[in-house]
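In what follows, a structure is listed as structure tokens, so that the remarks can point back to it.
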Amino acid sequence: MLTEGAFNDPKPDAMFGLHVLSILPAGVLGYRAGVTLASTDEFRITVTGRQTHAAFPWSGVDPIAVGAQIVSALQTIESRQVNVAEPSVLSVATFHGGNRANIIPNQVVMGGTLRTMSEDRRQYMRRRTQELAEAVARGMDANATVEWLPNGYANTINDPALTARMAPSLARVVGAERVRVTPPLMAADDVAYFAQSTPTLFFWAGITPPDQDIARAAPNHSPLWRVDEAGMLPGLRSLLHLVADYTGSG
């Protein structure tokens, strides 16, 4: 949309958006100034060894064993190589290789996601992911290639001045006691690119039922996710109030 000029004529003065969130109960709104959502990068790691019979593993190079060591090594980036005061996440979520119990395969392919809250951390962890994967594979007589797929998102950043100006509008909808400043979330959203172009306030509407323990609520996109649709009305009203208050048409 941005590439095709959707924000060119007329250029928006401000943008408001919302998303439902399971860590907030229905009827509660959440927001944060500055970095609100993580950037996201998807990676693919291909480990190539040398196929052999599983009864004679010394006759080949086992990419499954190499891949397992790479997964373990990658976890040390977050736990031992970066300051944990700034959150980031590196997760290997897929691991594919082999098709017979008695054959060590020639290759395995792993995939996962990187989530960061700053561009410096993002670039550092991308570099270390590649260096560690290649070094571990090389040390075990295998080869690893790391690909960063072209479908990542930037950080979603709420404009501090706009957020401060419009936060009272949220409080008027649900009451100040039901508006919360939320922590940065490791989720990501392509609203980030709109926010790079136009001052933005992207906020949250809680949808967890009141009888459910928030600490045990299943996250968005989980098959166990429960939605209390009563939480959607405050979200809708908030968007209307934000637009009316910002434009002075309320």
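The values are calculated or read from the model by the stated rules, or taken from the named source; none is laboratory data. The shown structure was predicted, so the numbers you read here are calculated from the model rather than taken from an experiment. Ideal geometry is used to build each Cβ from the backbone, glycine not excepted, and the neighbour counts take in all protein chains shown.
Observations on the structure shown:
- Qualifying residue in region 189-200 (condition: touching a Pro at 6+ places or on another chain (Cβ under 9 Å) and crowded, with 21+ Cβ neighbours inside 10 Å): no
- Meets criteria (of a type in the set (G, A, S) and part of a helix (DSSP H, G or I)) for A244: yes
- Positions within region 24-34 being of a type outside the set (S, T, Y), closer than 19 Å to N155 by Cβ and crowded, with 18+ Cβ neighbours inside 10 Å, in sequence order: G30, R32
- Test: residue in region 198-210 that is within 25 Å of the chain's Cα centre (by Cα), at pLDDT 95 or above, of a type in the set (G, A, S) and not assigned by TED's automatic domain parsing to the domain that holds A73: yes
- Just one residue in the set E4, E78, E86 is of a type in the set (D, E), part of a helix (DSSP H, G or I) and outside the structural domain of M166 (by TED's automatic domain parsing); that residue is E78.
- Matching entry among A167, A161 (being within 30 Å of Y31 (Cβ to Cβ), part of a helix (DSSP H, G or I), out of contact with any helix residue (DSSP H, G or I) (no Cβ under 7 Å at 6 or more places or on another chain) and in contact (Cβ under 8 Å) with a residue 60 or more places away in the chain): A167
- Test: residue in region 209-216 that is among the small types (G, A, S), surrounded by fewer than 17 Cβ atoms within 10 Å (Cβ to Cβ) and touching a strand residue (DSSP E or B) at 6+ places or on another chain (Cβ under 6 Å): no
- Tally of residues being closer than 25 Å to R115 by Cα and either among the small types (G, A, S) or part of a helix (DSSP H, G or I) (or both) across region 192-238: 14
- Tally, over region 91-141, of residues that are in a loop (DSSP other than H, G, I, E, B) and in contact with a helix residue (DSSP H, G or I) (Cβ under 9 Å, 6 or more places away or on another chain): 5
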